[in-house]
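Contents: one structure, followed by commentary.
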Amino acid sequence: MIKLRTFATLALAVAVALMLWGSFGSLRSFARPNYADLALLSNVLHLVDQHYVNDVDDRMLIEGALKGMLDVLDPHTTYLSPDFYREVQLDTKGEFEGLGIEITKGESGYVTVVSPIDGTPAMRAGIRARDEIVAVCPELTDESCLSTKDMGLLEAVKHMRGPRGSQILIQVMREGLQSPKPYVIVREAIKVPSVTVRKLDSGITYARVSQFQERTAEDLRDTLEESGEIQGLVLDLRDNPGGLLDQAVKMADLFLDNGLIVFSEGRGGANRMEWSANVEGTQPAYPMVVLVNGGSASASEIVAGALQDHKRALVLGNKTFGKGSVQTIIPLDDGSGLRLTTALYYLPSGRSIQEVRIQPDVNIDPFTQAELTALEEERPGHTFGEEDLQGHLTTSRAQTAEEGAELDRKERDRRDRQLLHAVDLLKSWNIFSTLRTPPDA
């Protein structure tokens, strides 16, 4: 005899299938579900419920079925449990507790770092873009380590997030390592300002955008207006994992006064949507260089690609990550959600970001470790002076935290080959713009 609990399981399975069918139907016209396949699912659930060696929870079975169904699609289509759905909503506000990394699934099957977020425990610990997190160890012991090979992204997030002050051990593989390198990281409340703007010594304005949150475009607009006259702008989108589409569109719109920014198309070219620039609120036409690298993904690629297609900015650095798919988050009745890939992005020229990536106009690699070591041994522009004499007197005034931070920034700038080239280009741009074109002979 079939237990009453089994009838509840079957009813829940069919209800979830129909609920998803109804949600999908709101996006486009889908074929009628195959009820024979639903019957197969129900039969398997019934057999597990009746004969599995241990008692199992109906909800766990349903969530497992949903996750397995979506795992065969693409890395970005996932089922969001109620807890994860709430976390996704928090991410767009830029507030959560964890390590501070954006992750994806690598070709090897392991969890891979798209980029560490500026100023977070992960970045301070030395985690880099393209690192493979091969294991997470919640108890800081080898016995507690869980391989991330074929682990779902949401499960990996669940293990790596946690209360502020708590620790986690992760095992990291990267190019050049013979075995995984352990990192013990203390979780923090991650409150990431997505925009920082400052003036460089050359007079060029530097704007760093670390991710696209709810007010990123507005914050960039406000800080640029507060920074005074801009002779040239370096827009740094390196290691920016993306975020909200509307913020990417608004940011590109800051620098474009007309024309298409991006469009998306679903299956077979259906459900085309377009986003275009408006003249209102457009920044002055100062020269721009956009910095990108392999950690620049999704919304970052939309901004860089749109400015490149409209010839509004020069793109410099390395080719980007290549994530050009649209995820629609669909809330479900029980507080959970479905993150479903529904379309692909296309740039104004019609090229797709997906896998093709944004190719920089000027390809510049970062300094190698050998080159950085050489920089440590030299001081460019230094001339012999008092400070080089043995036993020279030093000032007794203590260095303030602000002065120390400024020196650290200048040292990082000196070691940043891509930023140095961007500044040189903008300085040359300004010089050549003042020259007269020779008259025709």
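The values are calculated or read from the model by the stated rules, or taken from the named source; none is laboratory data. For clarity, every value in this text was computed on a predicted model and none was experimentally measured. Every residue, glycine as well, gets a Cβ built from its backbone with ideal geometry; the counts of neighbours run over all protein chains shown.
Tabulated results
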| quantity | calculated |
| --- | --- |
| Scope the stretch 227-265; condition touching a Pro at 6+ places or on another chain (Cβ under 6 Å) and in a loop (DSSP other than H, G, I, E, B); matching residues | G232 |
| The listed residue being buried (at least 22 other Cβ atoms within 10 Å of the Cβ) and farther than 20 Å from Q213 by Cβ, out of V303, V315 | V315 |
| Residues of the stretch 197-220 satisfying the condition of being under 14 Å from D413 (Cβ atoms), free of Cβ contacts under 8 Å to residues at least 60 places away in the same chain and of a type in the set (V, I, T) | T205 |
| Of residues in the stretch 266-281 being in a loop (DSSP other than H, G, I, E, B) and among the polar types (S, T, N, Q), the one modelled with the lowest pLDDT | N271 |
| Within the stretch 32-135, helices (runs of 4 or more DSSP H) holding 1 or more residues that are more than 17 Å from the chain's Cα centre (by Cα) and farther than 20 Å from P331 by Cα | 35-51, 58-71, 121-125 |
| Considering residues of the stretch 93-142 that are more than 15 Å from R174 (Cβ to Cβ) and of a type in the set (D, E) only, the residue modelled with the highest pLDDT | E139 |
| Residue identified as buried (at least 19 other Cβ atoms within 10 Å of the Cβ) and without any contact (Cβ under 8 Å) to a residue 40 or more places away in the chain among L45, L80, L66 | L45 |
| Residue check, R339 outside any helix (DSSP H, G or I), touching a helix residue (DSSP H, G or I) at 6+ places or on another chain (Cβ under 6 Å) and of a type in the set (D, E, K, R) | no |
| Of the criteria (1) assigned by TED's automatic domain parsing to the domain that holds G119; (2) more than 18 Å from the chain's Cα centre (by Cα); (3) surrounded by 14 or more Cβ atoms within 10 Å (Cβ to Cβ); (4) not in a loop (DSSP other than H, G, I, E, B), which one V184 fails | (3) |
| Checking K67 against (1) closer than 25 Å to I190 by Cα; (2) at pLDDT 85 or above, the condition it does not meet | (1) |
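Per-residue answers, yes or no, for (1) in contact (Cβ under 8 Å) with a residue 60 or more places away in the chain; (2) touching a helix residue (DSSP H, G or I) at 6+ places or on another chain (Cβ under 8 Å); (3) assigned to a loop (DSSP other than H, G, I, E, B):
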| position | (1), (2), (3) |
| --- | --- |
| Y286 | no, no, yes |
| V290 | no, yes, no |
| I302 | no, yes, no |
| G305 | no, no, no |
| R312 | no, yes, yes |
| K319 | no, no, yes |
| K323 | yes, yes, yes |
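Residue by residue, here is whether (1) at pLDDT 90 or above; (2) closer than 17 Å to G268 by Cα holds:
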residue	(1), (2)
L316	yes, no
K319	yes, no
G322	yes, no
I329	no, no
A343	no, yes
Y346	yes, yes
S349	yes, no
